[in-house]
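Student: Attaching a single structure in structure tokens format; questions to follow.
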Amino acid sequence: MGKVALITGITGQDGAYLAELLLEKGYTVHGLKRRSSLLNTNRIDHLYRDPHEPDTKFFLHYGDLTDATNLIRLIQTIQPDEIYNLGAMSHVHVSFDTPEYTANTDGLGILRILEAVRILGLTNKTRIYQASTSELYGLVQETPQTEKTPFYPRSPYAVAKLYAYWITVNYREAYGMYACNGILFNHESPIRGETFVTRKITRAVARIALGLQDQLYLGNLNVQRDWGHAKDYVEAMWLMLQQKEPEDFVIATGVTTKVRDFVGLAFAQVGIDLVFKGENEEEKGFVKACHHPDFQVPIGKPIVSVDPRYFRPSEVDLLLGDPYKAKQKLGWAHKYNLQELIREMVDSDLKEAKVEKYLQNGGYRTHKQYD
Ligand code: NDP
Ligand code: GDR
């Protein structure tokens, strides 16, 4: 008999990659899915089988991290060996607009899961992974950031995740539960949400190259992030639940890059060289050269601009993780480097943009705006 896992946040980027990984490993995978007025299962549709088919190993259940009774009932029915709590209001900027909801979901969600496991007497059976984050480090105390670096959260999102981090540690210490935090640094992929900065950039690169978009508006170009590939990072989540003892781990690449440089690297993928001029809110990225035979973007055209609406009330300037402990104890190391990640994201967005262009040429208009 294979193991049984429950994943919250299964419709998100990490949930989709993790479900794929666990199914490959022979797990039966149950996912918690929110009810929404439009279908939100794009990222996992390829994994879904008609539940009437024999040998189905992938199941979706309606639920919400703010609904304790729902979580208790589901965990009672599923009796999972492992729970991966990936569900969250995960957008740092949006958390300033919805601080209370963010606290409820991102802070208390894991408490409800831990309590459900305790109430149901599954403390010795069920192992729990909590999706903690490099946002906990916030205001820079030291670099690179390790499991021992002090936290200084800088957003309602990070403060909620701080509670989640400590309640996970507390239940481990108080009740001997196998519960651990993965302190994951930013990780991206072609299925990253469109409003996170990397995907916003790679999507704009593709659309600008194909003449579907004029400009890319961004916020703070000077911040630095340690970006990895989500595919590598879900492997680390699984490894954390396979150890003798539960522990917390930093998962990062150990390389940090400015948003401005990510923009330059992404445009270079379609043969566009950018030059940045101006300072702060006046800064713009101009086309310096355009090498690709298929894409004609005029030299000298400004295609990147700063828009203060994307500035955050308080910012995290620099994230750089030290994955030494994960390497030593889990044998984990990232496989993708930043160039490969960007190439995969731009290629995927080019495919999508070509479909959009084809539809537009056929008289359809999508008018999709993401920010
Ligand atoms: P996504 O935003 O792509 O996915 C979030 C998931 O959570 C979605 O499935 C979403 O459902 C679900 N969700 C949101 N609110 C609730 C709720 N109230 N109840 C149940 N489910 C809910 O995030 P990622 O996949 O990128 O991240 C996964 C987790 O890892 C998150 O907890 C995030 O905070 C954390 N994290 C992410 C990092 C990253 O760089 N990606 C780095 C460090 C931590 P729906 O599809 O319906 O919106
Ligand atoms: P982050 O990711 O806040 O690090 O949280 P995001 O991609 O949103 O921002 C990264 C940095 O880029 C700057 N930035 C912009 N960000 C967005 N979204 N849009 C812009 O136009 C823009 N311009 C500049 C931001 O100010 C920020 O400094 C992600 C999420 O996945 C969290 O859930 C996770 O916990 C952390 O990564 C680790």
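The values are calculated or read from the model by the stated rules, or taken from the named source; none is laboratory data. The structure displayed is predicted, hence computed values, not measured ones. So basically every Cβ, Gly included, is an ideal-geometry build from the backbone, and we count neighbours across all protein chains shown.
Student: Out of Asp232, Asp214, report the one residue that is in contact with a strand residue (DSSP E or B) (Cβ under 8 Å, 6 or more places away or on another chain), part of a loop (DSSP other than H, G, I, E, B) and not aliphatic (A, V, I, L, M).
Tutor: Of the residues listed, the single one that is in contact with a strand residue (DSSP E or B) (Cβ under 8 Å, 6 or more places away or on another chain), part of a loop (DSSP other than H, G, I, E, B) and not aliphatic (A, V, I, L, M) is Asp214.
Student: Select from region 64-112 the residues that are within 16 Å of ligand 2 (Cβ to nearest atom), of a type in the set (A, V, I, L, M, F, W, C) and assigned to a helix (DSSP H, G or I) and list them in ascending order.
Tutor: Correct list: Val92, Val94, Ala103, Ile110.
Student: Restricting to region 42-63, count the residues that are in a loop (DSSP other than H, G, I, E, B) and surrounded by fewer than 17 Cβ atoms within 10 Å (Cβ to Cβ).
Tutor: Of the residues in that region, 10 qualify.
Student: Please go through region 242-258 and pick out each residue that is touching a Gly at 6+ places or on another chain (Cβ under 7 Å) and not in a loop (DSSP other than H, G, I, E, B).
Tutor: Initial filter on region 242-258 (touching a Gly at 6+ places or on another chain (Cβ under 7 Å)): 249-254.
The answer is Phe249, Val250, Ile251.
Student: When region 310-336 is examined, which residues are found to be under 24 Å from the mean Cα position of the chain (by Cα), surrounded by fewer than 12 Cβ atoms within 10 Å (Cβ to Cβ) and over 23 Å from Leu139 (Cβ atoms)?
Tutor: Gly331, Lys335
Student: May I pose another question? Any residue in region 245-264 that's more than 15 Å from ligand 1 (Cβ to nearest atom): show its pairings with residues that are of a type in the set (Ser, Thr, Tyr) and not in a strand (DSSP E or B) at Cβ separation under 9 Å, as long as the two are six or more apart or on different chains.
Tutor: Listed pairs, sorted by first residue: Glu245/Tyr178; Pro246/Tyr178; Gly254/Tyr324.
Student: Would you check if Leu6 is more than 8 Å from ligand 1 (Cβ to nearest atom), touching a residue at least 40 places away in the same chain (Cβ under 8 Å) and not in a strand (DSSP E or B)?
Tutor: no
Student: Quick one: which of Ile128, Ile119 is within 16 Å of ligand 1 (Cβ to nearest atom), modelled with pLDDT of 95 or more and within 18 Å of Gly63 (Cβ to Cβ)?
Tutor: Result of the check over Ile128, Ile119: Ile128.
Student: Answer yes or no: is there a residue in region 156-163 that is buried (at least 23 other Cβ atoms within 10 Å of the Cβ), aromatic (Phe, Trp, Tyr), part of a helix (DSSP H, G or I) and modelled with pLDDT of 95 or more.
Tutor: Just the residues of region 156-163 that are buried (at least 23 other Cβ atoms within 10 Å of the Cβ), to begin with: 156-158, 160-161.
Next, only the ones that are aromatic (Phe, Trp, Tyr) stay: 157.
Among the residues that remain, those that are also part of a helix (DSSP H, G or I) are: 157.
Next, only the ones that are modelled with pLDDT of 95 or more stay: 157.
Within region 156-163, one or more residues are buried (at least 23 other Cβ atoms within 10 Å of the Cβ), aromatic (Phe, Trp, Tyr), part of a helix (DSSP H, G or I) and modelled with pLDDT of 95 or more.
Student: Would you mind telling me which numbered condition in (1) within 12 Å of ligand 1 (Cβ to nearest atom); (2) under 14 Å from the mean Cα position of the chain (by Cα); (3) part of a helix (DSSP H, G or I) Lys200 fails?
Tutor: (1)
Student: Out of curiosity, is Glu147 more than 10 Å from ligand 1 (Cβ to nearest atom) and out of contact with any helix residue (DSSP H, G or I) (no Cβ under 9 Å at 6 or more places or on another chain)?
Tutor: no
Student: Could you please give the count of residues in region 11-39 that are closer than 13 Å to Ile191 by Cα and away from ligand 2 (no atom under 16 Å from the Cβ)?
Tutor: The total comes to 0.
Student: While we're on this one: Counting only residues that are of a type in the set (Phe, Trp, Tyr) and away from ligand 2 (no atom under 14 Å from the Cβ), which one in region 205-250 is farthest from Lys354 (Cα to Cα)?
Tutor: If we take residues in region 205-250 being of a type in the set (Phe, Trp, Tyr) and away from ligand 2 (no atom under 14 Å from the Cβ), then Phe249 is farthest from Lys354 (Cα to Cα).
Student: Any residue at all in region 298-311 that is hydrophobic (A, V, I, L, M, F, W, C) and more than 30 Å from Pro156 (Cα to Cα)? Full working, then the answer.
Tutor: Just the residues of region 298-311 that are hydrophobic (A, V, I, L, M, F, W, C), to begin with: 299, 303-304, 306, 311.
From the residues that got through so far, the ones that are more than 30 Å from Pro156 (Cα to Cα) too are 299, 303.
Yes, the conditions are met somewhere in region 298-311.
Student: As an exercise: evaluate Thr202 against (1) farther than 19 Å from Gly321 by Cβ; (2) in contact (Cβ under 8 Å) with a residue 12 or more places away in the chain; (3) surrounded by fewer than 21 Cβ atoms within 10 Å (Cβ to Cβ); (4) touching a helix residue (DSSP H, G or I) at 6+ places or on another chain (Cβ under 7 Å) and give the number of the one condition it does not meet.
Tutor: In the conditions (1) farther than 19 Å from Gly321 by Cβ; (2) in contact (Cβ under 8 Å) with a residue 12 or more places away in the chain; (3) surrounded by fewer than 21 Cβ atoms within 10 Å (Cβ to Cβ); (4) touching a helix residue (DSSP H, G or I) at 6+ places or on another chain (Cβ under 7 Å), Thr202 misses (3) alone.
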